[in-house]
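The values are calculated or read from the model by the stated rules, or taken from the named source; none is laboratory data. Since this is a predicted model, take the numbers as computed values, not measurements. When we count neighbours, we look across all protein chains shown, and the Cβ atoms used for this are built from the backbone with ideal geometry, even at glycine. Just so you know, the surface numbers come from the protein's heavy atoms only, side chains and all, with ligands and any DNA or RNA stripped out. Shrake-Rupley method; radii C 1.70, N 1.55, O 1.52, S 1.80 Å.
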Amino acid sequence: GESVGLHLPTLSVQEGDNSIINCAYSNSASDYFIWYKQESGKGPQFIIDIRSNMDKRQGQRVTVLLNKTVKHLSLQIAATQPGDSAVYFCAERGGGGKLIFGQGTELSVKP
Amino acid sequence: DTGVSQDPRHKITKRGQNVTFRCDPISEHNRLYWYRQTLGQGPEFLTYFQNEAQLEKSRLLSDRFSAERPKGSFSTLEIQRTEQGDSAMYLCASSSVLAGPHNEQFFGPGTRLTVL
């Protein structure tokens, strides 16, 4: 069936370095993707989104890249901080607005 | 704090018991979603409401699960005859279709269910 998944389950980076989290999706008809951050004991928190008619979108310290040719999403976090430590999920929007999440990547930031 | 609240935050129950969770969405949001999340996995969609109408239910939502949103505001999710496999975090999210094409979903903190 259709799914959204992540390449790497864990990522460890040094504080101040840039982080790149990857995601593969299988539904070529998907038109909207979102990245969420989930801290321990909390619900997912919206970070940034991108529509399928875009290749790149930038926010504050975060950039999402979309490569529709290979059905790949990435989240780039600039100057990673300890507060960025969390699990990151990409999600695809399905019918009715429901979200289809991947497995998640745990980002650990070393001081 | 996203403005979406869930109660209780934690629930421990014995197998076979019934449990009910409550979600209070952001007040002007007309869509409400329930998801289930097991350890190390992303949330999985269960069901959603637009106002008081339940518009879609996942195949994950067995006959033992029922959700309501009687007045189009808060919602309840009931699990009857709980099984150990029901142990998970149950997340609620709300959004407004009037907010634009992206309909960002705001998640509550979740209810963690442990079935012994």
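Can you spot a residue in segment B:102-111 that is of a type outside the set (Ser, Thr, Tyr), more than 15 Å from the chain's Cα centre (by Cα), at pLDDT below 95 and within 19 Å of residue B:9 (Cα to Cα)? Outline the logic, then answer.
Within segment B:102-111, the subset of a type outside the set (Ser, Thr, Tyr) is B:102-110.
Add one more test, that the residue is more than 15 Å from the chain's Cα centre (by Cα), and what stays is B:102-104.
Cutting the leftovers down to at pLDDT below 95 gives us B:102-104.
Right, trim to within 19 Å of residue B:9 (Cα to Cα) and you get none.
There is no residue in segment B:102-111 that is of a type outside the set (Ser, Thr, Tyr), more than 15 Å from the chain's Cα centre (by Cα), at pLDDT below 95 and within 19 Å of residue B:9 (Cα to Cα).
Can you pull out every residue in segment B:1-22 that is assigned to a loop (DSSP other than H, G, I, E, B), more than 15 Å from the chain's Cα centre (by Cα) and modelled with pLDDT of 95 or more?
The answer is B:14, B:15, B:16, B:17, B:18.
Tell me, please, whether a residue that is open to solvent by 60 Å² or more (accessible area, probe 1.4 Å), within 14 Å of chain B (Cβ to nearest Cβ) and among the polar types (S, T, N, Q) can be found in segment A:65-80.
Among the residues of segment A:65-80, not one is open to solvent by 60 Å² or more (accessible area, probe 1.4 Å), within 14 Å of chain B (Cβ to nearest Cβ) and among the polar types (S, T, N, Q), which makes the answer no.
Hey, which of the strands (runs of 3 or more DSSP E) in segment A:31-111, taking only ones fully inside, have at least 3 residues that are farther than 17 Å from residue A:10 by Cα and without any contact (Cβ under 8 Å) to a residue 24 or more places away in the chain? Can you show your working first?
Details: elements: A:32-38, A:45-51, A:56-58, A:62-67, A:72-77, A:86-93, A:99-101, A:105-110.
Strands (runs of 3 or more DSSP E) meeting the threshold: A:45-51, A:56-58, A:62-67.
Of all residues in segment A:1-30, how many are at pLDDT 90 or above and over 15 Å from the mean Cα position of the chain (by Cα)?
6
In segment B:37-85, how many residues are basic (Lys, Arg) and in contact with a strand residue (DSSP E or B) (Cβ under 7 Å, 6 or more places away or on another chain)? Break it down stepwise before answering.
Pass one, segment B:37-85, residues basic (Lys, Arg): B:57, B:59, B:64, B:69, B:71, B:81.
Pick out the ones that are also in contact with a strand residue (DSSP E or B) (Cβ under 7 Å, 6 or more places away or on another chain) and you get B:57, B:64, B:69.
Residues flagged as basic (Lys, Arg) and in contact with a strand residue (DSSP E or B) (Cβ under 7 Å, 6 or more places away or on another chain) within segment B:37-85 amount to 3.
Tell me which residues, restricted to segment A:92-111, are out of contact with any Asp or Glu (no Cβ under 9 Å at 6 or more places or on another chain) and more than 7 Å from chain B (Cβ to nearest Cβ). Give the derivation first.
Of all residues in segment A:92-111, those out of contact with any Asp or Glu (no Cβ under 9 Å at 6 or more places or on another chain) come to A:97, A:103-106, A:108.
If the condition is that a residue be out of contact with any Asp or Glu (no Cβ under 9 Å at 6 or more places or on another chain) and more than 7 Å from chain B (Cβ to nearest Cβ), then A:105, A:106, A:108 are the ones that fit.
List pairs: first in segment B:1-15 and in contact (Cβ under 8 Å) with a residue 60 or more places away in the chain, second hydrophobic (A, V, I, L, M, F, W, C) and part of a loop (DSSP other than H, G, I, E, B), Cβ under 8 Å, 6+ apart or cross-chain?
Sorted first by the residue in segment B:1-15, then by its partner, the pairs are B:2/B:26; B:3/B:26; B:4/B:26; B:12/B:116; B:13/B:116; B:14/B:116; B:15/B:116.
Among the numbered criteria (1) crowded, with 19+ Cβ neighbours inside 10 Å; (2) of a type in the set (Lys, Arg); (3) modelled with pLDDT of 95 or more, which single criterion is violated by residue A:93?
For residue A:93, the failing item is (3).
Looking only at residues that are farther than 17 Å from residue B:5 by Cα, within 14 Å of another protein chain (Cβ to nearest Cβ) and not aliphatic (A, V, I, L, M) in segment B:58-113, which one is surrounded by the fewest Cβ atoms within 10 Å (Cβ to Cβ)?
B:59
Quick check on segment A:53-61. Is at least one of its residues of a type in the set (S, T, N, Q), open to solvent by 30 Å² or more (accessible area, probe 1.4 Å), within 12 Å of chain B (Cβ to nearest Cβ) and farther than 26 Å from residue B:89 by Cα? Please lay out each step first, then the result.
Within segment A:53-61, the subset of a type in the set (S, T, N, Q) is A:53, A:58, A:60.
Now restrict to residues that are open to solvent by 30 Å² or more (accessible area, probe 1.4 Å): A:53, A:58, A:60.
If we keep only those that are within 12 Å of chain B (Cβ to nearest Cβ) too, we end up with A:53.
Imposing the further condition that a residue be farther than 26 Å from residue B:89 by Cα reduces the set to A:53.
Within segment A:53-61 (the criterion being of a type in the set (S, T, N, Q), open to solvent by 30 Å² or more (accessible area, probe 1.4 Å), within 12 Å of chain B (Cβ to nearest Cβ) and farther than 26 Å from residue B:89 by Cα), the answer is yes, since at least one residue qualifies.
In segment B:23-57, how many are under 26 Å from residue A:40 (Cβ atoms), at the interface with another protein chain (Cβ under 8 Å from one of its Cβ atoms) and either of a type in the set (A, V, I, L, M) or in a loop (DSSP other than H, G, I, E, B) (or both)?
Going through segment B:23-57 one residue at a time, the tally reaches 4.
Report, by residue number, each residue of segment B:44-60 that is over 11 Å from the mean Cα position of the chain (by Cα) and closer than 27 Å to residue A:23 by Cα.
First pass over segment B:44-60, keeping only residues over 11 Å from the mean Cα position of the chain (by Cα): B:50-60.
Within segment B:44-60, B:56, B:57, B:58, B:59, B:60 qualify.
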